[in-house]
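First up is the structure itself, then whatever we jot down about it.
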Amino acid sequence: MSERQRNLADDHAIDKMSHERYLRTGRSSRSRIKILGLAVTLAVVLLVLVVVSIFSASKISSLGGENMALERQLLMVEREIASLKPQLEKSRAELQALLQKRFPNLRPLKINNMLDVNEGLIKQVIFTKIKQDQREVYKYLVVAENGTVKKINPSFRVLLFDEFGVHIGSADVVDKRSLEAGESRDYTAELELLFESTPKHFYIEDLSAHYRSVAN
C-alpha cells in the first residue's frame, strides 16, 4: 500500500470515529434534555400538589371551625328551647283551662278522626283537610240521628275556633226533608273560614228544636 493510500485510510478512520463520537454526543445531549424536561415537569406537578394540599388543608380547617361554631350555636338554641318547653306546656294548659271555663261546650278538633258528639240529633262528626287551589280547605261530615218518636227536620250549625277561642269559621244546615223516628242521615260540606287560621276547637249547635217550634 502506498503512502497516499495509507493517509486516506487513516483520514477515513478518523472521520468515522469523529462521526460516531458526534452521534453519541448528540444522543447523550438529547437524553439529558429529555431528562431535564421530565424533571422540570415533575417539579411543577409536585409544586402544584403542594399548593393544592396547603389550600385544601386551610379550607378544611376553616370549614371545621365554622361547623364547630354552628354546632355550638345549635346546642345553645336546643338548650334554650328545652328550658322554655315546661313554661310553654304550662301556658298551654292554662289557656286550655281558661277556654274550657269560658266555653264549656268547645271540643278539641282532630283531623280525620270520628268524634262523638251526642248532642240532640248530632251523633258524630269527622273533619278533613285537603289542598285545593293552593289553599287549605276544611270539610265536615256530620251524622244526624232522630232518636225521638216524631219526625224532625234536621237543622244545625258547625262552628270552628282557633287555639285562643276565637270564632274563625262556620257552616249552617237546614234540611227541609223530614227525618223519621230512628232514621239517620249524613251531611257533608265545606266549612267557610272567616280568615286564615288553623281550627283547633269546634262546637255543633243543634237547631232542630228551634226550627220545629218555629214551623209549628
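All but one of (1) modelled with pLDDT of 90 or more; (2) more than 14 Å from Lys123 (Cα to Cα); (3) polar (S, T, N, Q) hold for Ser213; state the number of the condition that does not hold.
(1)
How many residues does the stretch 127-144 contain that are part of a strand (DSSP E or B) and surrounded by fewer than 17 Cβ atoms within 10 Å (Cβ to Cβ)?
First, the residues of the stretch 127-144 that are part of a strand (DSSP E or B): 127-132, 135-144.
Those still in the list that are surrounded by fewer than 17 Cβ atoms within 10 Å (Cβ to Cβ) too: 128-132, 135-137, 139, 141.
Going through the stretch 127-144 one residue at a time, the tally reaches 10.
Name the single residue that is modelled with the highest pLDDT among those in the stretch 64-116 being among the basic types (Lys, Arg) and more than 30 Å from Val142 (Cα to Cα).
That would be Arg72.
The values are calculated or read from the model by the stated rules, or taken from the named source; none is laboratory data. Quantities reported herein were computed from a predicted structural model and do not represent experimental measurements. Every residue, glycine as well, gets a Cβ built from its backbone with ideal geometry; the counts of neighbours run over all protein chains shown.
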